[in-house]
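Q: Following this message is one structure expressed as structure tokens.
The values are calculated or read from the model by the stated rules, or taken from the named source; none is laboratory data. This is a predicted model, so every value here is computed, not measured. Glycine gets a Cβ as well: all are built from the backbone with ideal geometry, and neighbour counts include every protein chain shown. Keep in mind that these areas ignore ligands, DNA and RNA; they rest on the heavy atoms of the full protein, side chains included. Shrake-Rupley method; radii C 1.70, N 1.55, O 1.52, S 1.80 Å.
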Amino acid sequence: MSKYIMIIDDSPTIRVSVEMALKPLGIPVMQAENGQNALDIISQMKTKGEEIALCISDINMPVLNGIEFITEFRKNDRFTPVVVLTTEAEKDTIQKGKDAGASGWIIKPFQAEDLVNVVKRFVK
Amino acid sequence: MNDAALTEVFMNESKEIISNLESDIVTLEENRKDQEIINRIFRYFHTLKGSSGIVGFKTVYEFTHHLESLFDKVRSGDFDVDSDIIDILLESIDWIKSELFTDVDSDESAGKRHELTLRINRYTGKDAADSAKSENFMSEVGAYKGIGSGERFFRINAAFRDNIFFSGIDPLMIIEDLSTLGDVVHNNIQLKRIPDFFVLDPEQCYLTWEIIIRTACDEMKIRDVFLFVIDDNEIDIENVTDRYTDARQKSWGTEKKLGEILIEKGIINDNDLDELINLQGDKHFRLGDIIIQQGLASPRQVDEALQEQEKIKRKIEISTVRVESARLDNLINLLGEIVIGQASLHRLAEGMDEEESFVLNNALYGLDRVTREFQEQIMSIRMVPIGPTFEQFKRFVRDTARATNREIKLKIEGGDTELDKTVIERIGDPLKHMIRNSIDHGIEPADTRAAKGKPAYGTITLKAYHQEGSVYIDVIDDGSGIDAEKVRKKAVALGLLAADAEVSRDRVLSMIFQPGFSTADQVGDLSGRGVGMDVVKTNIEDLRGSVEIKTREGEGTLIRVKLPLTLAIIEGMLVSLGETILIVPLLSVIETIQVKQQDYRTVEGRGEVILVRGEYISLIRLDRLFGIEANCKEPWEGLIVIVESEGERLGIMIDDLIGQQQIVIKSIDTFITSSRSISGATILGDGKVALIIDIHGLVQEIKKY
Amino acid sequence: MKLEGDVSIKKVKQVYSVLKDELKSSKDVVIDMSGVVSIDAAIAQVLLSATIKAKEMGKELRLDGIPAGLNNTLALAGLVANTVQGGHE
Ligand SMILES: [Mg+2]
């Protein structure tokens, strides 16, 4: 069974930079452009027996935002860690994320090293 | 992927965001209270800030931060959008564009940025010094590594809440993380808290650690390990290094008060303050900055309203997966191979006796149907709505109207009409040209309009719709229209039309698209109408489209662009020359006629021509051009297909007309030809390759002689 | 019994129920850890609690074939005898 990290952000720049930053970890990264897109991909992956080891999710996204995504995601998956990507100006969203079931957060913009350190706290 | 690739991703993303922003801002100018647009603009700045920060465009990051703050205030209703804000926004976007996409003079650019920042700050209530400081915030935090000097001992008591597993957090991993910071000299798990094995709930957490660690790290680094759990678990970190006192503690006095006030107000909590003080390090002023940053946090109520709105939106929007268009092109090429394979199977079947072929034909029939459906599905993936292309003209119309002292409204209809992606990418320029012409030469100034009894503001309508397997785009203005008689006179004067030519009004108007039709010579309302219109027509014909013009003097003009639904399939007319079958794109065909011998002649400088309703049309002999054998040697023996490109009409001699059918274009590079007159090839049912004539290229080729 | 791969909260109910049966039916419980890649706190506390229970019942619960890479984690979880050890070897 293969493991994936999923990055959910409406900004392709953020998605690509996360993928690049995590490359040294050797865990494949999947991209989704909003919460709904992520849920769709995850349910497809499930049918193939593929597992998400960690979701990294932006908060402010169209269609289905980060908080809504976590709430939906947690209905089917109680234990997989979800880290929210947020900016320093959105500290109150961290609490909302936690309330919805988030495991941690990363402040944008981030250094690749910081991101890797956070990911290492959730993925062995 | 490397940094350059990331930068490219960022550039593309910013282009898209900026184009959306421009359109939204112009709409906002008209609907200043539209909360949905305000929220969207906020998100665009927010996203642009985030991604520019990631790729290291520091100036853009800092600047969009201000714009984000401005819109945060707008969306929380702190103040209304006024024309000053609209100006700031548009100028800001111009600044971002020049900063990102052009080589800028850094002093000039910084000057403009500073000016705009000051104007923004007038709304957000920050002074310049504040903004300068907050701009420094991120870089300093980023540099913090948390390695102090000397050896320290910390005692950590960590009691995790019982439902922590449901947050996706593994306390054991946190403890492991901690252990990497130094040497664990004592580790004790409180076993008493763990219930009897036979009654415990294995999904609840009962773990409490007491750990003493010897480390070179400072307390912040230790805290950092517990960052995600410190707020809602009992985490107690105590520096137990003998007699260790933090000398800096005293100097924090005044700042601490500021922090305490904020705690009282419930804006931050104890743990936040601890973090803040740690972030502050040795420097004095930064706690204030950090708190300013936190003060910018978006108000809860508005955010919830935003979420509500997005909930409604997500019911409408469809989730998508992005695919490189090159992959789709590959699919289309592969499909072409399948079609060829099928054709050869069909041929095989023809060679069999009836009984044998019956079964194969039946199977092939099913396969044909699936292939056709497959083809339609692939094509539909390439289809994108034209709406965003239309939207991007809002700003253009606004700016051009202002510059020419006119009042113009841009109306958009049928934005959800879908076209092939390639067509969308290439239709923007011609449309812009047409709109520009409507503004410059169609729409009258307000006083002229008033005198004519028209509304003071002119209207340009962009309208897209599907009809009979084609896509139509109408560019309509309610301006002064075009005087057909003047066009005719000019066309005759330019030698484009015979003085006695009996041609329709439409044909006369189409002269506007002739190269060189427009000159500096000003003819009333006509002045400049044709500027670049030949280019427009060429661009559209390159897309296998056509363009026509309808106008009523004094009332307005309509330019109708007809485009194929897709570039990979064409409606083709099959014609024969001897044994050869050629395909003429139906879009270019005006009519098929027979000519009388007396209507054929040779004209000095033009070669062979035929006279069709008073107009001379050059004759093309494909047999000579392609070096093939034709049955009919004289124009009056066979048929003439009249085609049109770039306003030029040609008569193509053919032996016979075979029929019409949909043609899947197989890319020509698999076949050998250097002729511009051939745009591709297709495989016919009998397995024969038929070449597709490129009328546009043919016209070019003829002109060379 | 044998544990394998990433053994985590996602499998804890299963591990718990097998372990319950083992504790009730067998005399000594030996858990083959040789195929384990990682364990988390949820698994650790079940093993910890089971160890205590086994002792109470006069039985022995033993972790067998512990991979070297897992030693530090198990020590931090109080699952190997020496609970005091350095993070750096
Ligand atoms: Mg976002």
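Q: Let me spell it out: the conditions are (1) farther than 21 Å from B:Ser19 by Cβ; (2) of a type outside the set (Asp, Glu); (3) at pLDDT 85 or above, and B:Ile147 meets all of them except one. Which number is the exception?
A: Only one criterion is unmet by B:Ile147, namely (3).
Q: Here is a further query. Would you confirm whether any residue within segment B:357-368 is outside the structural domain of B:Asp34 (by TED's automatic domain parsing), farther than 30 Å from B:Leu67 by Cα and at pLDDT below 60?
A: First pass over segment B:357-368, keeping only residues outside the structural domain of B:Asp34 (by TED's automatic domain parsing): B:357-368.
Then drop every residue that is not farther than 30 Å from B:Leu67 by Cα, which leaves B:357-368.
Keeping just the survivors that are at pLDDT below 60 gives none.
No: segment B:357-368 contains no residue that is outside the structural domain of B:Asp34 (by TED's automatic domain parsing), farther than 30 Å from B:Leu67 by Cα and at pLDDT below 60.
Q: Just to be sure I understand the filter: pairs with C-beta atoms under 7 Å, separated by 6 or more residues or on different chains, first member in segment B:493-511 and closer than 24 Å to B:Gly532 by Cα, second member part of a loop (DSSP other than H, G, I, E, B) and β-branched (Val, Ile, Thr). Which pairs pass?
A: The qualifying pairs are B:Leu497/B:Val503; B:Leu509/B:Ile482.
Q: If I ask for residues that are among the hydrophobic types (A, V, I, L, M, F, W, C), part of a helix (DSSP H, G or I) and farther than 11 Å from B:Gly479 by Cβ, which ones from segment B:430-468 would you list?
A: So the first thing to find is which residues in segment B:430-468 are among the hydrophobic types (A, V, I, L, M, F, W, C), and the list is B:431, B:434-435, B:439, B:443, B:446, B:450-451, B:456, B:460, B:462, B:464.
Next, only the ones that are part of a helix (DSSP H, G or I) stay: B:431, B:434-435, B:439, B:446, B:450-451.
Selection gives B:Leu431, B:Met434, B:Ile435, B:Ala446, B:Ala450, B:Ala451.
Q: Taking the stated definitions as given, is B:Lys49 surrounded by fewer than 18 Cβ atoms within 10 Å (Cβ to Cβ) and either within 16 Å of the ligand (Cβ to nearest atom) or not hydroxyl-bearing (Ser, Thr, Tyr) (or both)? Walk me through it before giving the result.
A: Details: surrounded by fewer than 18 Cβ atoms within 10 Å (Cβ to Cβ): no; either within 16 Å of the ligand (Cβ to nearest atom) or not hydroxyl-bearing (Ser, Thr, Tyr) (or both): yes.
In short, no.
Q: Of all residues in segment B:53-69, how many are assigned to a helix (DSSP H, G or I), away from the ligand (no atom under 13 Å from the Cβ) and under 16 Å from B:Lys15 (Cα atoms)? Spell out how you get there, then give the answer.
A: First, pick out the residues of segment B:53-69 that are assigned to a helix (DSSP H, G or I): B:53-55, B:58-69.
From the residues that got through so far, the ones that are away from the ligand (no atom under 13 Å from the Cβ) too are B:55, B:58-63, B:65-67, B:69.
The next check asks that each one be under 16 Å from B:Lys15 (Cα atoms); those that pass are B:55, B:60-61.
Qualifying residue count for the region: 3.
Q: Just need a number here: residues in segment C:7-31 that are assigned to a helix (DSSP H, G or I) and among the hydroxyl-bearing types (Ser, Thr, Tyr).
A: Filtering segment C:7-31 down to residues assigned to a helix (DSSP H, G or I) leaves C:9-25.
Now narrow it down to the ones that are among the hydroxyl-bearing types (Ser, Thr, Tyr): C:16-17, C:25.
Residues flagged as assigned to a helix (DSSP H, G or I) and among the hydroxyl-bearing types (Ser, Thr, Tyr) within segment C:7-31 amount to 3.
Q: Which condition from (1) open to solvent by 60 Å² or more (accessible area, probe 1.4 Å); (2) in contact (Cβ under 8 Å) with a residue 40 or more places away in the chain is the one that B:Asp440 breaks?
A: So B:Asp440 meets the others, but not (1).
Q: Let me ask something else. Testing C:Gln45 on (1) of a type outside the set (A, V, I, L, M); (2) more than 9 Å from chain B (Cβ to nearest Cβ); (3) assigned to a helix (DSSP H, G or I), one condition comes back false. Which one is that?
A: Only one criterion is unmet by C:Gln45, namely (2).
Q: Moving on to the next point. Does A:Val118 fit the bill of being on the phi < 0 side of the Ramachandran plot, under 12 Å from the mean Cα position of the chain (by Cα), more than 13 Å from the ligand (Cβ to nearest atom) and in a helix (DSSP H, G or I)? Steps first, answer last, please.
A: Numbers: on the phi < 0 side of the Ramachandran plot: yes; under 12 Å from the mean Cα position of the chain (by Cα): yes; more than 13 Å from the ligand (Cβ to nearest atom): yes; in a helix (DSSP H, G or I): yes.
When the stated conditions are applied, A:Val118 passes them.
Q: In addition: Does at least one position in segment B:491-503 carry a residue that is of a type outside the set (A, V, I, L, M, F, W, C) and within 17 Å of B:Thr551 (Cα to Cα)? Walk me through it before giving the result.
A: At the first step, the residues of segment B:491-503 found to be of a type outside the set (A, V, I, L, M, F, W, C) are B:495, B:500, B:502.
Retained after the next criterion (residues that are within 17 Å of B:Thr551 (Cα to Cα)): none.
No, segment B:491-503 has no match at all.
Q: Further, regarding this structure: I'm trying to understand the selection: among the residues of segment B:151-161, which are surrounded by fewer than 22 Cβ atoms within 10 Å (Cβ to Cβ) and either within 18 Å of A:Pro81 (Cβ to Cβ) or within 11 Å of chain A (Cβ to nearest Cβ) (or both)?
A: B:Arg161
This table checks each residue for (1) within 46 Å of the chain's Cα centre (by Cα); (2) of a type in the set (Lys, Arg); (3) under 30 Å from B:Met379 (Cα atoms); (4) crowded, with 18+ Cβ neighbours inside 10 Å.
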site: B:Leu587; (1), (2), (3), (4): yes, no, yes, yes
site: B:Glu604; (1), (2), (3), (4): no, no, no, no
site: B:Glu615; (1), (2), (3), (4): yes, no, no, no
site: B:Leu625; (1), (2), (3), (4): yes, no, no, no
site: B:Glu629; (1), (2), (3), (4): no, no, no, no
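Q: Looking only at segment A:46-58, filter to residues that are open to solvent by 10 Å² or more (accessible area, probe 1.4 Å) and either touching a strand residue (DSSP E or B) at 6+ places or on another chain (Cβ under 7 Å) or assigned to a helix (DSSP H, G or I) (or both); which one of those is nearest to the ligand (Cβ to nearest atom)?
A: Here is the first cut: in segment A:46-58, the residues open to solvent by 10 Å² or more (accessible area, probe 1.4 Å) are A:46-53.
From what's left, either touching a strand residue (DSSP E or B) at 6+ places or on another chain (Cβ under 7 Å) or assigned to a helix (DSSP H, G or I) (or both): A:46-47, A:50-53.
Values: A:Lys46: 25, A:Thr47: 28, A:Glu50: 26, A:Glu51: 26, A:Ile52: 20, A:Ala53: 23 Å.
Selected residue: A:Ile52.
Q: Let me ask you something else. Does segment C:19-60 hold any residues that are out of contact with any Gly (no Cβ under 9 Å at 6 or more places or on another chain), touching a residue at least 12 places away in the same chain (Cβ under 8 Å), surrounded by fewer than 17 Cβ atoms within 10 Å (Cβ to Cβ) and closer than 19 Å to C:Ala77 by Cβ, and which are they?
A: C:Val30, C:Glu60
Q: While we're on this one: Is it the case that some residue within segment B:359-372 is touching a residue at least 24 places away in the same chain (Cβ under 8 Å) and open to solvent by less than 60 Å² (accessible area, probe 1.4 Å)? Talk me through it step by step, then tell me what you get.
A: In the first step, residues of segment B:359-372 are kept if they are touching a residue at least 24 places away in the same chain (Cβ under 8 Å); the result is B:367-368, B:371.
Imposing the further condition that a residue be open to solvent by less than 60 Å² (accessible area, probe 1.4 Å) reduces the set to B:368, B:371.
Yes: one or more hits.
Q: Out of all the residues in segment A:28-35, is one or more in a helix (DSSP H, G or I), more than 13 Å from the ligand (Cβ to nearest atom) and either open to solvent by 10 Å² or more (accessible area, probe 1.4 Å) or modelled with pLDDT of 90 or more (or both)?
A: Step one: list which residues in segment A:28-35 are in a helix (DSSP H, G or I), which gives A:35.
Keeping just the survivors that are more than 13 Å from the ligand (Cβ to nearest atom) gives none.
Taking every residue of segment A:28-35 in turn, none turns out to be in a helix (DSSP H, G or I), more than 13 Å from the ligand (Cβ to nearest atom) and either open to solvent by 10 Å² or more (accessible area, probe 1.4 Å) or modelled with pLDDT of 90 or more (or both).
Q: Determine, yes or no, whether B:Thr64 is hydroxyl-bearing (Ser, Thr, Tyr), open to solvent by 60 Å² or more (accessible area, probe 1.4 Å) and farther than 17 Å from B:Val26 by Cα.
A: Values: hydroxyl-bearing (Ser, Thr, Tyr): yes; open to solvent by 60 Å² or more (accessible area, probe 1.4 Å): no; farther than 17 Å from B:Val26 by Cα: yes.
So B:Thr64 fails the test.
Q: If you don't mind, there's one more thing I want to ask. Only residues in segment B:91-109 that are without any contact (Cβ under 8 Å) to a residue 24 or more places away in the chain count as the first member; pair them with residues that are β-branched (Val, Ile, Thr) and surrounded by 14 or more Cβ atoms within 10 Å (Cβ to Cβ), Cβ under 6 angstrom, at least 6 apart or cross-chain, and list the lot.
A: B:Ser98/B:Val104
Q: Go through segment B:500-532 residue by residue and tally those that are modelled with pLDDT under 50, out of contact with any His (no Cβ under 9 Å at 6 or more places or on another chain), open to solvent by 20 Å² or more (accessible area, probe 1.4 Å) and within 19 Å of B:Gly479 (Cα to Cα).
A: Of all residues in segment B:500-532, those modelled with pLDDT under 50 come to B:519-530.
Checking which are out of contact with any His (no Cβ under 9 Å at 6 or more places or on another chain) leaves us with B:519-524, B:530.
If we keep only those that are open to solvent by 20 Å² or more (accessible area, probe 1.4 Å) too, we end up with B:519-524.
Right, trim to within 19 Å of B:Gly479 (Cα to Cα) and you get B:522-524.
So the answer is 3.
Q: Okay, next question. Taking A:Leu39 as the residue in question, decide whether it is open to solvent by less than 10 Å² (accessible area, probe 1.4 Å) and either free of Cβ contacts under 8 Å to residues at least 40 places away in the same chain or assigned to a helix (DSSP H, G or I) (or both). Write out each step before concluding.
A: Numbers: open to solvent by less than 10 Å² (accessible area, probe 1.4 Å): no; either free of Cβ contacts under 8 Å to residues at least 40 places away in the same chain or assigned to a helix (DSSP H, G or I) (or both): yes.
No: the conditions fail for A:Leu39.
Q: Take the residues of segment A:1-22 that are more than 8 Å from chain B (Cβ to nearest Cβ) and more than 16 Å from the ligand (Cβ to nearest atom): which is modelled with the lowest pLDDT?
A: Among residues in segment A:1-22 that are more than 8 Å from chain B (Cβ to nearest Cβ) and more than 16 Å from the ligand (Cβ to nearest atom), the one modelled with the lowest pLDDT is A:Met1.
Q: Residue check: is B:Glu16 within 16 Å of the ligand (Cβ to nearest atom) and part of a helix (DSSP H, G or I)?
A: Values: within 16 Å of the ligand (Cβ to nearest atom): yes; part of a helix (DSSP H, G or I): yes.
It is true that B:Glu16 is within 16 Å of the ligand (Cβ to nearest atom) and part of a helix (DSSP H, G or I).
Q: While we're here: Could you tell me whether segment A:61-83 includes any residue that is farther than 24 Å from B:Ser52 by Cβ, within 16 Å of the ligand (Cβ to nearest atom) and open to solvent by 10 Å² or more (accessible area, probe 1.4 Å)?
A: Yes, that holds for at least one residue.
Q: With respect to the numbered conditions (1) farther than 23 Å from B:Tyr44 by Cβ; (2) outside any helix (DSSP H, G or I), which one is the sole condition not fulfilled by A:Trp105?
A: Unmet for A:Trp105, out of (1) farther than 23 Å from B:Tyr44 by Cβ; (2) outside any helix (DSSP H, G or I): (1).
Q: If you don't mind, another one. Within segment B:58-72, can you find the residues that are within 12 Å of chain A (Cβ to nearest Cβ) and within 15 Å of B:Thr117 (Cα to Cα)? Even if it seems obvious, please write down each step before you answer.
A: Step one: of segment B:58-72, the residues within 12 Å of chain A (Cβ to nearest Cβ) are B:58, B:60-62, B:64-66, B:68-69, B:71-72.
Across segment B:58-72, the qualifying residues are B:Lys58, B:Val60, B:Tyr61, B:Glu62, B:Thr64, B:His65, B:His66, B:Glu68, B:Ser69, B:Phe71.
Q: Sticking with this one: Let me spell it out: the conditions are (1) closer than 25 Å to B:Lys221 by Cβ; (2) away from the ligand (no atom under 15 Å from the Cβ); (3) touching a helix residue (DSSP H, G or I) at 6+ places or on another chain (Cβ under 9 Å); (4) free of Cβ contacts under 8 Å to residues at least 24 places away in the same chain, and A:Ile107 meets all of them except one. Which number is the exception?
A: Going through (1) closer than 25 Å to B:Lys221 by Cβ; (2) away from the ligand (no atom under 15 Å from the Cβ); (3) touching a helix residue (DSSP H, G or I) at 6+ places or on another chain (Cβ under 9 Å); (4) free of Cβ contacts under 8 Å to residues at least 24 places away in the same chain one by one, A:Ile107 breaks only (2).
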